[in-house]
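Below: the structure, in structure tokens.
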Amino acid sequence: MHLRGWTQVVRVAPVIGALALAGCQGMQGKLEAARAETASTLPSPYLDGLVTESVAVDGERLVFLVRSPDGDAEKTRAHPKFRALRESEQQAMTELCALPAMQPLIGTDAVLVRKFVDRDGALFFELTLPARECAAPPA
């Protein structure tokens, strides 16, 4: 039982460290803290068999990699309803704004990104949402 408590401390320590860095390092610190907090919950189911596998910082972008384990990007892009799917996913980007890890990024120059790939890593599409377009949390 005692060892189990230490295991949880060890698992949470990187997140706490990243959050502490966020206060010291401006935008990069905030992005890294958001990445660390979010990464601790991954992989996680996304929608219809898709899986959010990872999150990474790329410049001022926080990039969520969403994989379709059974999908084929080339075939999907050729489907007549592909454009509607992409538009629907773009509208769903605002859901990222509600994640607690994103709160320090709201109103900044950070860009939230979802990159959808197939089982082989081929790109379906990539969507972006500037964090400054997220509604500010209630005071």
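The values are calculated or read from the model by the stated rules, or taken from the named source; none is laboratory data. Just so it is clear, the model here is predicted, and its values are computed rather than measured. Because the Cβ atoms are built from the backbone with ideal geometry, glycine has one as well, and the counts that use them run over all protein chains shown. All accessible areas refer to the heavy atoms of the entire protein, side chains included, with ligands and DNA or RNA removed. Shrake-Rupley method; radii C 1.70, N 1.55, O 1.52, S 1.80 Å.
Here is how the numbers come out for the structure above:
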item: Pair residue 39, residue 70: separation of 7 Å Cα→Cβ label points (nm); result: 3.1
item: Separation in nanometres of the label points that stand 7 Å from Cα toward Cβ, at residue 88 and residue 103; result: 3.1
item: Modelled label reach - residue 128, point 7 Å along Cα→Cβ, segment 55-70 residues with backbone N closer than 19 Å; result: 55-66
item: Cα-projected label distance for residue 79 with residue 61, points at 7 Å along beta-carbon direction, nm; result: 2.4
item: Solvent exposure of segment 22-131 as accessible area per residue, Å², 1.4 Å probe; result: 53
item: Value of Rg/Rh across segment 65-124 [Cα atoms, Kirkwood radius]; result: 1.05
